[in-house]
Amino acid sequence: MKVIGLTGSFGTGKTFVASLFKSKGAKVLDADAIAHECITKGTPVFKKIVRAFGKRVLRPRGEIDRKKLAKIVFGNKKALARLNSLVHPEVIQKLRARIRRCGPEDIVVIDAPLLIEAGAKELVDKLIVVTCPKKRQIERCVKKFRIKRQEVMKRIASQIPLKRKIKIADFVIDNGKTKNATKRQVEKLWKEIAWK
């Protein structure tokens, strides 16, 4: 089994790159989806978040309103660190369990925007960082998440800068040009990973 970490920064296009690896036969584990599972109503992490941030982060039906929570933590280092300390250990535990369920011949790709920030780099054999120009990154986020430019900037600022992630990467995928250009890079990388 090979475990590949796929990370980048907010809006660099990791999900698209992960889908390309999936089409090649990789088993993709989506850390964001796992994090959303961890904070669903009634879970231990949900209860810890409500204790830490109060009922102001809840929707009328009692689920966590992720947009309200995001407004509180992005731009507030202490609040973000508190939230991450509640969510990240649970996500890592679930990732470990899912990796164990994969077969010895599998190539597992962990799609995790906060892979390095969460201290989960030790889970992977190789690290891929997805990049794109900052202008494109911001435009993508505004369009995809329907949030203001300032909100995007706060989220990008809360992550380790891309330049630093690139320094520790085993591979870099430039997702700033055409989809076909990205596909070609993934194709080349897949051959290298799958045949080693």
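The values are calculated or read from the model by the stated rules, or taken from the named source; none is laboratory data. All of these numbers come straight from a predicted model, not from anything done at the bench. In this analysis, Cβ positions are derived from the backbone assuming ideal geometry, glycine residues included, and neighbour counts consider all displayed protein chains.
Within the stretch 110-129, is there a residue that is surrounded by fewer than 20 Cβ atoms within 10 Å (Cβ to Cβ), in a helix (DSSP H, G or I) and modelled with pLDDT of 95 or more?
yes
Quick check on this structure: which one of Ala33, Ala97 is within 28 Å of Thr131 (Cβ to Cβ) and small (Gly, Ala, Ser)?
Working: Ala97 fails: within 28 Å of Thr131 (Cβ to Cβ).
Answer to the selection: Ala33.
Quick one: Lys163 ticks every box in (1) touching a helix residue (DSSP H, G or I) at 6+ places or on another chain (Cβ under 9 Å); (2) without any contact (Cβ under 8 Å) to a residue 40 or more places away in the chain except a single one, so which number is it?
(1)
Is at least one residue of the stretch 12-33 within 18 Å of the chain's Cα centre (by Cα) and on the phi > 0 side of the Ramachandran plot? Steps first, answer last, please.
Taking the stretch 12-33 first, the residues within 18 Å of the chain's Cα centre (by Cα) are 12-22, 26-33.
Next cut, on the phi > 0 side of the Ramachandran plot only: 13.
The answer is yes, given that some residue of the stretch 12-33 is within 18 Å of the chain's Cα centre (by Cα) and on the phi > 0 side of the Ramachandran plot.
Against the definition (in contact (Cβ under 8 Å) with a residue 40 or more places away in the chain and either touching a Ser or Thr at 6+ places or on another chain (Cβ under 9 Å) or crowded, with 17+ Cβ neighbours inside 10 Å (or both)), how does Arg98 come out, yes or no?
Numbers: in contact (Cβ under 8 Å) with a residue 40 or more places away in the chain: yes; either touching a Ser or Thr at 6+ places or on another chain (Cβ under 9 Å) or crowded, with 17+ Cβ neighbours inside 10 Å (or both): no.
So Arg98 does not fit the description; no.
Which numbered condition trips up Val45, out of (1) more than 19 Å from the chain's Cα centre (by Cα); (2) over 22 Å from Met153 (Cα atoms)?
Here Val45 meets the rest and fails (1).
Of Gly25, Gly75, which residue is closer than 27 Å to Val108 by Cα and either among the charged types (D, E, K, R) or in contact (Cβ under 8 Å) with a residue 40 or more places away in the chain (or both)? So that I can check it myself, show each step before the final result.
Values: Gly75 fails: closer than 27 Å to Val108 by Cα.
Residue meeting the stated conditions: Gly25.
Quick check on Arg66: is it buried (at least 16 other Cβ atoms within 10 Å of the Cβ) and not aliphatic (A, V, I, L, M)?
Values: buried (at least 16 other Cβ atoms within 10 Å of the Cβ): no; not aliphatic (A, V, I, L, M): yes.
When the stated conditions are applied, Arg66 does not pass them.
Select from the stretch 170-196 the residues that are under 19 Å from the mean Cα position of the chain (by Cα) and either surrounded by fewer than 16 Cβ atoms within 10 Å (Cβ to Cβ) or assigned to a strand (DSSP E or B) (or both) and list them in ascending order.
Of the residues in the stretch 170-196, the ones under 19 Å from the mean Cα position of the chain (by Cα) are 170-176, 182, 186.
Result: Asp170, Phe171, Val172, Ile173, Asp174.
Being surrounded by 18 or more Cβ atoms within 10 Å (Cβ to Cβ) and hydrophobic (A, V, I, L, M, F, W, C) is the filter; apply it to the stretch 73-91 and report the residue that is nearest to Trp190 (Cα to Cα).
Val91
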